[in-house]
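The values are calculated or read from the model by the stated rules, or taken from the named source; none is laboratory data. Note that this is a predicted model, so its numbers are computed, not measured. Because the Cβ atoms are built from the backbone with ideal geometry, glycine has one as well, and the counts that use them run over all protein chains shown.
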Amino acid sequence: MPRAPRPVDACIGRTGEIAAAQDALAGSRLVTLAGPGGVGKTRIALEVAWSAEGRHPDGVWFVPLGDLDPSADQASVAGAVLTGLGVADQSARPPEDKLAAHLAGRELLLVLDNCEHVLAPVTHLVRELLAGSAGLRVLATSREPLGLGGERMLAVPPLSVPPLSATVRPQDVLGSDAVRLLVERARAVDPDFTVAPGDARAVAELTARLDGLPLAIELCATRLRSLSVGQLLERLDSRLDIGSRNPGGHDARHRSLRDVVDWSYELCSPAHQVLWTRLAVFPASFDIAAAEAVCGFDGLDPDDVLDGIDRLVARSVLLTERLPGGMRYRMLSTIREYAMERLIGSGEVAPLRRRHRDHYLARVSSVVRGWARPTHVDALQEMDAERPHYAAALSWSAAVDEEHDAGLEFAATLRYHWLSGGHLAEGRRWLALFLDKDDVAIATRGHGLWVAAWVSMLQGDLDGAARYIDALAGLAGGLDGGLDVGAHVEHWTGLLEVFSGRAEEAIAHLDRAAAGHRARGADALELSARFMQSYALTSAGRAAEAERVAADVVDRAGPSGDHLNHGWAWWMRAYARWKLGDPDAAAAALREVLLVQRNFRDRVCIAGSVALLAVVAESAGDTSRADDLAVTAVGLFAAIGTEPASLGWDFARSWRAAAAAIATRAGVDDLTGLARTVETPQDEIRIVEELITRLALPGRDTAGPGEPLAVLTRREREVAALVADGLTNREIAEKLVIAPRTADGHVERILAKLGVHRRSMVAAMMAAMVASRASAGADRDGPGAP
C-alpha cells in the first residue's frame with residue numbers, strides 16, 4: 001500500500017501524463033513533473049503513486065515539502081523525508097546520513113512534492129540518495145527541474161480546452177478535459193448543473209480564458225452556485241486583458257491564474273480579505289483555535305474568524321481536513337503564496353509571525369504543565385500534527401535577533417515532543433542552534449541546557465551531555481530560584497552517572513534531585529528522578545530496594561495518567577525482578593509496560609522492553625524465543641536510530657552477553673543483518689499487540705512432562721493455543737506477524753505430532769490440559785495446604 005493520500009474526487013483527464021510518468025520511471029531513477037503553479041502536478045504524482053502499488057518491494061512514499069520554510073537547509077529537508085518515511089530520528093547522526101542508511105539496500109519510490117521553494121537542498125539531497133541507493137527511484141514535482149544528470153523532465157500541460165467555433169454544441173465541449181473538470185466541480189456546489197445548448201459556447205470560452213488550468217477552473221466553479229456561466233464569463237472578461245498576452249504561453253497561464261485569484265480576493269468582504277491574508281502565516285493545516293488566536297486582532301475580532309473561515313472554504317480558498325482531533329484547514333501552496341505577497345505588503349509579517357509562535361508556545365506550555373494527566377497521549381498526537389508550525393516558528397525566531405530568547409524557550413518546552421515523539425535529533429539541532437546565541441536570558445539558557453543534556457544522553461552522546469551539565473552548573477549562582485537549577489544539575493548528573501556505570505554516585509545525585517523537584521511541586525520530574533534511581537539501585541546490586549522504588553513510581557504515576565514515568569517505572573520493576581532471579585515476574589512486568597505503550601507509544605521504551613524480554617528469555621534457556629525477540633529488538637532500535645546498549649551501562653552488559661550468544665547460534669558476528677524490518681508506526685503497533693498476546697498465555701504456551709502438548713515446540717504451542725481460540729490460519733499469521741504459509745506449516749505439523757485430523761481436536765486437548773492444571777492447583781491449595 002503506498003504511503004500517499006488517496007484523493008476523494010475523480011481525476012479528470014491526465015491519462016496521457018500519468019502513462020508518460022510511469023514510462024519515464026521505468027527507464028529513469030529520477031523523474032520530475034514540472035509546470036506552473038495550479039497546473040495539477042501534485043494530482044498526477046498522487047495518481048502515479050497509487051498506480052505503482054506492488055511494483056516496489058519497499059513501498060511508495062509520498063513526502064510533501066510545501067510545509068518547509070524557504071530557508072530550510074539540506075538537514076531540514078532530510079528530516080522532513082525521514083518523517084514522511086515514518087523513520088524516527090533519535091540518533092546524533094546528521095539526518096542526511098540517517099536517511100541514506102535507511103534507504104541503502106531498499107527498493108522504493110519516493111515522491112517529493114512541491115520542491116521549487118527548497119530546490120537547492122532538495123537537489124543536493126536527491127543526488128546523494130540516488131548515488132547511495134541503487135533501488136531508489138524519485139518522482140519530484142516542481143516548477144522547474146532539479147537539473148541532475150539522468151533526470152527525465154516531463155512538462156505538465158494544462159487540461160485540453162474545446163475549440164471555439166461559430167456553432168458549439170454541448171457534445172462538442174464535453175469531450176474537453178477542462179470542461180469535464182468544470183462540470184464535475186460545479187456539480188459539487190450545484191448538483192443540477194448541466195451544460196445547456198445555450199451555454200456551450202460560454203463554457204468553451206470560459207475554460208479557454210482560464211488556459212485550462214485546473215486550479216483556476218476549480219476556483220471559478222465555486223461561483224456557479226450563484227452565477228450562470230454567461231454571467232461568470234462576463235465578470236471574468238472584465239478582469240482579463242486578453243489582447244495583452246500571448247495565449248497559451250507559460251507567462252499567460254500564470255497571469256490567468258493570478259487574475260482569477262485576484263478576482264476571488266476582490267469578491268471577499270474587507271474582513272475576509274484581511275483573514276485570507278493573515279492565514280498565510282500558517283505553513284500547514286491549522287485548527288480554528290489557532291486561526292482565532294493568531295489572526296483575530298486589530299480590526300478582526302476573534303469571534304468573526306469562524307464566519308470568515310466558513311466563507312473562505314465555500315470559495316475554495318481553504319480546503320478542509322476532517323481528522324480525529326477535529327476539523328483542520330489549509331491553503332494550496334499557490335493560494336498561500338498569493339496571500340503571503342499581500343501579507344508582506346501589509347507590513348504585518350513580524351507581528352503575525354510572533355503571534356503564530358507565541359500561540360503554539362502557549363499550547364505546548366499547557367501540555368507540559370498538565371503532563372501528568374491522562375490527556376497527554378492525545379497531546380503527543382496533537383504535537384505531531386503541529387510539527388510544521390513548530391519548525392516555522394523556530395526558524396523565524398532563529399532569524400530575528402530579538403526573538404532568540406523566545407525561540408530557545410520554545411525549543412526547550414517542546415521536550416516531551418522531542419523525547420516521547422521520536423524526534424531527538426531534530427530537538428537537539430534546535431537546542432544547539434539557540435544555545436549558541438549570546439543574547440538569551442540566563443533563566444532561558446538554564447532551561448535549554450538541562451533539556452539538551454537529557455536529549456544528548458538518550459542519543460548516547462555522553463560527552464555532549466557532560467558539557468551541557470557543566471554549563472548549567474555554572475549558571476546556578478546567577479539565577480534566582482537556585483533550588484530549581486540545583487535539582488536539575490543533580491538530576492542530569494545522576495543520569496549521566498547511570499549511563500557511565502557509576503551507580504552509587506548516581507543514587508546519591510538522583511536522591512537529591514527527587515527531593516529538590518518535590519520541594520517545588522514538580523511531580524513529573526520527581527518521578528523521573530526516582531525511576532532513574534531505581535535503575536541505579538539495580539546496577540549497584542540493590543535490586544530489591546530498586547523494585548520498591550519503582551513500585552512507588554508505578555503507584556503514583558499510573559492513577560495520575562503520567563504514562564512516560566508509568567511505562568518506564570514498570571520497565572525498571574521488570575529489570576529488578578529479573579536481577580532478583582524471577583524471570584516470570586519480569587515478563588509479567590514487561591507486559592504491563594507494553595499495555596501502557598499500546599496507546600502512549602514511547603518508541604524507546606517499546607524497543608527497550610523487547611530487548612529486556614530477549615535477555616530474560618536467553619537467561620532462562622528459552623533460546624527460540626530469545627532469538628526471535630532479539631532480532632525484533634534490533635529492528636526496533638534501528639528504526640529509531642540507536643541500539644539496545646543505549647539503555648545504560650548495566651543493561652548494556654546484559655544485552656551484549658545475550659546478543660553474543662544469540663549471534664553465535666545464528667552463525668553471525670552480530671545481529672544487525674538479521675534485524676526484523678520495522679518501517680512504520682503500524683509495524684511497532686503490531687509488535688506490541690503480538691507480545692501482549694504472547695505474554696498473556698503463560699499457561700497455554702508451555703507443557704509439562706507427560707502432557708500431550710509436550711511434543712510440540714514453544715512456537716507450535718503458541719499456534720495451538722490460537723487454533724483452540726478458533727482463529728483461522730490467516731488470522732494466526734496476522735496475529736503472530738508471520739507469513740500465511742508459515743502458519744499453514746505450523747498447523748500441519750501440530751496435527752501430525754498430536755495424531756489428530758481436525759482442529760477441534762486440538763482445541764479439546766488444549767482445554768483438557770488447562771482443566772487438568774486447574775484441578776492440580778486446587779488440590780495443592782485446598783485444605784491442609786501449607
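Quick check on the range 228-259: of everything there that is hydrophobic (A, V, I, L, M, F, W, C) and either exposed (fewer than 14 other Cβ atoms within 10 Å of the Cβ) or in a helix (DSSP H, G or I) (or both), which residue is modelled with the lowest pLDDT?
Ile242
Answer with yes or no whether Trp396 is among the aromatic types (Phe, Trp, Tyr) and either modelled with pLDDT of 95 or more or not in a helix (DSSP H, G or I) (or both).
So Trp396 fits the description; yes.
Is there any pair linking a residue in the range 463-477 that is under 14 Å from Ala432 (Cα atoms) to one that is among the hydroxyl-bearing types (Ser, Thr, Tyr) and assigned to a helix (DSSP H, G or I), with Cβ under 6 Å and at least six apart or on different chains, and which?
Gly464/Ser456; Ala465/Ser456; Ile469/Thr493
Is one or more of the residues making up the range 638-646 touching a residue at least 40 places away in the same chain (Cβ under 8 Å), among the hydroxyl-bearing types (Ser, Thr, Tyr) and outside any helix (DSSP H, G or I)?
yes
Can you list residue pairs whose Cβ atoms sit under 9 Å apart, with the first residue in the range 502-523 being under 22 Å from Leu462 (Cα atoms) and the second being at pLDDT 95 or above and aromatic (Phe, Trp, Tyr)? Count only pairs 6 or more apart in sequence or on different chains.
These pairs meet every condition: Ala503/Tyr535; Ala506/Tyr535; His509/Trp492; Ala513/Trp492.
Inspect the range 394-408 for any residue being touching a helix residue (DSSP H, G or I) at 6+ places or on another chain (Cβ under 9 Å) and under 29 Å from Ser500 (Cα atoms) and give the result as yes or no.
Scanning the range 394-408, I find at least one residue that is touching a helix residue (DSSP H, G or I) at 6+ places or on another chain (Cβ under 9 Å) and under 29 Å from Ser500 (Cα atoms), so the answer is yes.
So which residues in the range 664-678 are free of Cβ contacts under 8 Å to residues at least 12 places away in the same chain and surrounded by 12 or more Cβ atoms within 10 Å (Cβ to Cβ), if there are any at all?
Within the range 664-678, Val668, Asp670 qualify.
I need the full set of residues from the range 264-279 which are of a type in the set (A, V, I, L, M) and surrounded by fewer than 16 Cβ atoms within 10 Å (Cβ to Cβ), in order please.
Listed by number, the list holds a single entry, Leu267.
Residue-wise test of (1) touching a helix residue (DSSP H, G or I) at 6+ places or on another chain (Cβ under 8 Å); (2) surrounded by fewer than 17 Cβ atoms within 10 Å (Cβ to Cβ); (3) at pLDDT below 85.
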residue	(1), (2), (3)
Tyr338	yes, no, no
Glu341	no, yes, no
Ser346	yes, yes, no
His356	yes, no, no
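Taking the options Leu139, Leu210, name whichever one is without any contact (Cβ under 8 Å) to a residue 60 or more places away in the chain and among the hydrophobic types (A, V, I, L, M, F, W, C).
Answer to the check: Leu210.
Of the residues that make up the range 194-217, is at least one part of a helix (DSSP H, G or I), at pLDDT 90 or above and basic (Lys, Arg)?
No, that holds for no residue.
Could you check, for the range 80-87, whether at least one of its residues is buried (at least 22 other Cβ atoms within 10 Å of the Cβ), at pLDDT 90 or above, farther than 15 Å from Leu136 by Cβ and not assigned by TED's automatic domain parsing to the domain that holds Ser285?
Yes, because at least one residue in the range 80-87 is buried (at least 22 other Cβ atoms within 10 Å of the Cβ), at pLDDT 90 or above, farther than 15 Å from Leu136 by Cβ and not assigned by TED's automatic domain parsing to the domain that holds Ser285.
Here are some conditions: (1) in contact with a Ser or Thr (Cβ under 7 Å, 6 or more places away or on another chain); (2) assigned to a helix (DSSP H, G or I); (3) closer than 30 Å to Thr207 by Cβ. His272 meets all but one. Which one does it not meet?
(1)
Given the condition closer than 23 Å to Glu426 by Cβ and not in a helix (DSSP H, G or I), answer yes or no: does some residue in the range 648-665 qualify?
no
Scan the range 130-140 residue by residue and report those that are out of contact with any Cys (no Cβ under 7 Å at 6 or more places or on another chain) and either surrounded by fewer than 21 Cβ atoms within 10 Å (Cβ to Cβ) or within 10 Å of Glu151 (Cβ to Cβ) (or both).
Leu130, Ala131, Gly132, Ala134, Gly135, Val138
Can you pull out every residue in the range 426-444 that is within 19 Å of Trp492 (Cα to Cα) and crowded, with 24+ Cβ neighbours inside 10 Å?
Gly427, Arg428, Leu431
Would you please name the residue that is surrounded by the most Cβ atoms within 10 Å (Cβ to Cβ), looking only at residues in the range 748-762 that are among the aliphatic types (A, V, I, L, M) and at pLDDT below 80?
Going through the qualifying residues, I end up with Leu754.
Those residues that are free of Cβ contacts under 8 Å to residues at least 12 places away in the same chain and either assigned to a helix (DSSP H, G or I) or not β-branched (Val, Ile, Thr) (or both), I need them from the range 728-745; list them, please.
Residues satisfying the conditions are Glu731, Ala733, Glu734, Ala739, Pro740, Arg741, Thr742, Gly745.
When only residues in the range 311-322 that are out of contact with any strand residue (DSSP E or B) (no Cβ under 9 Å at 6 or more places or on another chain) and surrounded by 13 or more Cβ atoms within 10 Å (Cβ to Cβ) count, which is farthest from Gly38 (Cα to Cα)?
Arg311
Considering only residues that are farther than 21 Å from Arg43 by Cα and of a type in the set (Gly, Ala, Ser), look in the range 157-198 and name the one that is surrounded by the fewest Cβ atoms within 10 Å (Cβ to Cβ).
The selected residue is Ala166.
Working only within the range 393-409, note down all residues that are in contact (Cβ under 8 Å) with a residue 40 or more places away in the chain and either of a type in the set (D, E, K, R) or surrounded by fewer than 24 Cβ atoms within 10 Å (Cβ to Cβ) (or both).
The answer is Ser395, Trp396, Ala399, Val400, Glu403, Ala406, Glu409.
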